[in-house]
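Heads up: the structure comes next, in structure tokens.
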Ligand SMILES: [Fe+2]
Ligand SMILES: [Fe+2]
């Protein structure tokens, strides 16, 4: 599926605000990826154009199921469970369930089979230890795209430009944990697991 076709479909499916967010995530993820390609060790063996296409596609798909009604979403959750493990914690947090459902629909409705794209869509809301670079880019871009104008997003933007993507991901986890604790909201444990795994990597 080409980007233009997908954008047309997204325009029909998503509210204007969500559509603008989606395009901004694609542009942001592409910019972040562009910075990675400045490093020769990253660029070696990677074809930049096809990598960018993959990153953009993952970004465009990431919130595909975000605006389904609750009932429809839950219907798809049981189907998505046949492809992606959805744990008990995730099942209790309605606002993150669109992620596995978006991945499920990307494959079944749109025929996307690329595992890196599907992984990025599936884990964009909770992250996952060992996720690939495409998933890391979408995870970060979703948090920092320019329409996110809260102070946490500004902090992460700064952190990534100073200290790199991995450091930014640690900060996203920190801020996510803090937000959920401060507001007494259920927190998916991946935020803690991911933070610890990336901190250990940096040590
Ligand atoms: Fe999302
Ligand atoms: Fe999003």
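The values are calculated or read from the model by the stated rules, or taken from the named source; none is laboratory data. Note that the structure is predicted; figures quoted are calculated from it, not measured. Here the Cβ positions follow ideal geometry from the backbone for every residue, glycine too, while neighbour counts run over all protein chains shown.
Within the range 23-38, the set of residues being touching a helix residue (DSSP H, G or I) at 6+ places or on another chain (Cβ under 6 Å) and either within 11 Å of ligand 2 (Cβ to nearest atom) or part of a helix (DSSP H, G or I) (or both) comprises 25, 26, 28, 29, 30, 32, 33, 36. Here residue 162 meets the list (1) at pLDDT 95 or above; (2) within 23 Å of residue 98 (Cβ to Cβ); (3) loosely packed, with under 14 Cβ neighbours inside 10 Å almost entirely, failing just condition (2).
Taken together, 101, 181 contain a single residue that is over 16 Å from the mean Cα position of the chain (by Cα) and either within 16 Å of ligand 1 (Cβ to nearest atom) or more than 29 Å from residue 13 (Cβ to Cβ) (or both), which is 181. Restricting 175, 165, 186, 194 to those that are in contact with a helix residue (DSSP H, G or I) (Cβ under 9 Å, 6 or more places away or on another chain) and without any contact (Cβ under 8 Å) to a residue 60 or more places away in the chain reduces the list to 175.
Scanning the range 57-90 for residues that are in a helix (DSSP H, G or I), surrounded by fewer than 20 Cβ atoms within 10 Å (Cβ to Cβ) and away from ligand 1 (no atom under 15 Å from the Cβ) yields a total of 9.
For the range 7-22, filtered to residues that are part of a helix (DSSP H, G or I), surrounded by 12 or more Cβ atoms within 10 Å (Cβ to Cβ) and within 15 Å of ligand 2 (Cβ to nearest atom), the residue that is nearest to the chain's Cα centre (by Cα) is 22.
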